[in-house]
Each structure stands twice: as C-alpha cells, then as structure tokens.
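> Quick one: this structure, given as structure tokens, is what I'll be asking you about.
The values are calculated or read from the model by the stated rules, or taken from the named source; none is laboratory data. Keep in mind that what you see is a predicted model, and the values were worked out from it rather than measured. Note: ideal-geometry Cβ built from the backbone for every residue, glycine included; neighbour counts use all protein chains shown.
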Amino acid sequence: MPIEPLHATIAGNSLNDWLLAAAFAGGGWLIGQMVYRLAGAVLRPIAKRTVTRLDDVLVDRLRSPVVVLITVLGFVAGAQQLTFGERITLWTERVFHVAVALSVTWIVARVLIAIVDEVIHGRSREHGQLTRALPGVRTVLKVLVWGLGIVVALNNAGYDVGALLAGIGIGGLAIALAAQETVANVFGGITIYADRPFKLGDRVRVDGFDGFVQEIGIRSTRIQSLAGPIVVIPNKKFTESTLENVTDEPSRRVLLELGLIYETPPAKMERAMEVLREIVLANQDIVEENHIISFNTYKEYSLNLLFIYFIRKGADIFEAHSRMNLAILRRYHEEGLSFAYPTAVELQGDYKP
C-alpha cells in the first residue's frame, strides 16, 4: 500500500511537521528581509527629517542585527515544531539560546556605540575640536558589552559560568593588577570627555606642569609646556590632582608690591596711589576697572604700596605686564617718585605668565 507523502516520517517527524518548521524558518528570514528593506525605504527618510543625528545612525546600524535576531527567532519557532531525542533537543535549545543572546548583545552594543558616537561628536563640534579618544572609548565599550553578552550566552548554553570564572580567577587577578594603571587612565580619559574640564588649545596647570593642551587621548594627554618640551600626562592625573584651567579664568590677578624710599613725604605717597588709579583707567582695553591700592606696611628699607589689578580675559598676558610696568616706571619717574633699594619693584603671588 503506498505511503501518502504528507504522512511520511523523516528523523522521527512527519513531512507535515518538517514543512511547518521550514515555513516558520523561512517566514522569519522573509520578515527579517522585509524589515531590512522597510527600514531603508521608510524609516531612513523619516530619520533624516529630524534634527538629531542619533536616529539616522540607529536606523543604519540596527538593520543587520535586527534582521539576524528575527531570523534566529524564526528558526527557533520552526525547531519547536519538530521532535527529536532528548540529547539533540537539549543541544538544539542551547544553540538557539546562544544565538539569541549574541544577537541581542549585537543590538545593545550598536545602540550604545551609536549614542557614544553622537555624544562625543556633538561635543567636538560644539567646541570646534576633533576627538581622538573616540576609537578607544568604542573599543572599551565593545569589550564590556560583548564580554557580558558572552557570559550570558555561555550561561544559556548550560556552562557553569561561576566555576569557569573561579577557574581563571588567579590569572584574571594577575591581569587585573597588571592592567589597573591602564584601566585608571582609560576611565580618566572618559571622565575628561564627560566633565570637559578643558579642551584642545587650553592652557592648564596640573601635577606641576604648565602648558597648552595639544592632544587628548583615551590613555594620556599631551601638553606643550611653556618651557618647550611636549609632556605626556596619564589621564588619571587629571582625576586625582588639582587641575587649573588658566584659559577659563575670568581674569588674571596680578599683585605688585612697590617700595618707595623713606624720604617720600605723605603728599607724594598719596600722589603715588593716585597715579596707579590713573594707570588703570588709562589701560581699560587690557585691565579691568576694579583694582586694589593700599599703603599697607612699613618695610625695613621702604614704604610699601600694595597694587592689585586684573588682566582682562583674552588679553595678551605678557603685553599687559609690560604695558603696566612701563607705565608705572614712566609715571613715577615723571612725578619724581623714587623706588627704594633693594626692593624697587617686587612681584609676588599670582605672577605666573
């Protein structure tokens, strides 16, 4: 008696079950292809009309992993229509669980990297600088996300992840100890881009170094020191040391102590103070109007005048010092005011050009 085709069995499953399984698997693949093309034809034009760039990036980067996930789910649904032995069923379920975990990890990794790209590029455009730390940040993020995804996948595959981690614990501890400096510097670089304490071209003081920022990397930052050499500073120094951004200061305070000879009469001392006020008012293009002038003390060899003024933000510091000092010297000479010896003009405090 002939066997009806749909009732024939292959590997313990009827042809009808195999066709149903193939329909689910093929349907998953077909839906995935439709989603891929729909995203390109419909979602991409919609995303381009929005102000933000993030949705454009997400549409482009999520098309492939979403298609893979939908296809895998179609194969999972198809496999559930078939019946195999206990051992084959167990391994089939583990393979699909691993595939689903890795597909989801792929999607999460692409979403997070897209967000990081948009945030860092956005801040780079805002401050007119090109970031060099992006490849390093993306690499660290990929390692973290995929590491977690692989652990989940291994757990879904039936491996005792706890025992596996314990088995490599000693080696992992040695690697962690060896890499702790690198990790600290990497997180320091991430902190720099998150907090933005300075940008390229800024003049900073940190850990005893003073200079202009030339390059901000994921592990270290290069500074052109005032003395000339390029200084490479590990990024962790910026998180554990006091940082002074000279460029961002609202104004530069300059403190001068002017010592006049003891033969200077009271009227001349008053005139000396008035001359300093006149110098400030005559140089408003480089110094602010607020200032402090005081006949503050009697020194061993001089009558001491305290003069504090503030250089405007953006003004050339060296030019401001020269103009103010020459103006003081010229006007005091014209007024017949004599500086005492050995402390004619003493610079203190914030004089750090």
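> Out of the residues in region 30-46 that are surrounded by 15 or more Cβ atoms within 10 Å (Cβ to Cβ) and of a type outside the set (Lys, Arg), state the one that is modelled with the highest pLDDT.
Within region 30-46, the match that is modelled with the highest pLDDT is ILE31.
> Across region 76-106, which residue is farthest from the chain's Cα centre (by Cα) among those that are farther than 30 Å from ASP60 by Cα, in a helix (DSSP H, G or I) and of a type in the set (Ser, Thr, Tyr)?
By that ranking, first place goes to THR89.
> Now for a different question. From the list ARG271, ARG277, exactly one residue is more than 21 Å from GLU319 (Cα to Cα) and assigned to a helix (DSSP H, G or I). Which is it?
Result: ARG271 is the single residue among ARG271, ARG277 that is more than 21 Å from GLU319 (Cα to Cα) and assigned to a helix (DSSP H, G or I).
> In region 280-294, how many residues are among the β-branched types (Val, Ile, Thr) and either within 14 Å of LYS313 (Cα to Cα) or surrounded by fewer than 17 Cβ atoms within 10 Å (Cβ to Cβ) (or both)?
Counting residues in region 280-294 that are among the β-branched types (Val, Ile, Thr) and either within 14 Å of LYS313 (Cα to Cα) or surrounded by fewer than 17 Cβ atoms within 10 Å (Cβ to Cβ) (or both) gives 3.
> Could you list all residues from region 286-334 that are assigned to a helix (DSSP H, G or I) and either under 37 Å from the mean Cα position of the chain (by Cα) or at pLDDT below 90 (or both)?
If the condition is that a residue be assigned to a helix (DSSP H, G or I) and either under 37 Å from the mean Cα position of the chain (by Cα) or at pLDDT below 90 (or both), then ILE317, PHE318, GLU319, ALA320, HIS321 are the ones that fit.
> Can you tell me which residue within region 137-158, out of those that are more than 14 Å from LEU112 (Cα to Cα) and β-branched (Val, Ile, Thr), is surrounded by the most Cβ atoms within 10 Å (Cβ to Cβ)?
VAL152
> Looking only at region 186-227, count how many residues are within 18 Å of VAL119 (Cβ to Cβ) and β-branched (Val, Ile, Thr).
Here the count works out to 6.
> Taking PHE212, is it out of contact with any helix residue (DSSP H, G or I) (no Cβ under 9 Å at 6 or more places or on another chain), among the aromatic types (Phe, Trp, Tyr) and either closer than 14 Å to GLY188 by Cα or not in a loop (DSSP other than H, G, I, E, B) (or both)?
So PHE212 fits the description; yes.
> Let me ask something else. Just to check your reading of the model, which residue among VAL232, VAL186 is in a strand (DSSP E or B) and at pLDDT 70 or above?
Exactly one of VAL232, VAL186 is in a strand (DSSP E or B) and at pLDDT 70 or above, namely VAL232.
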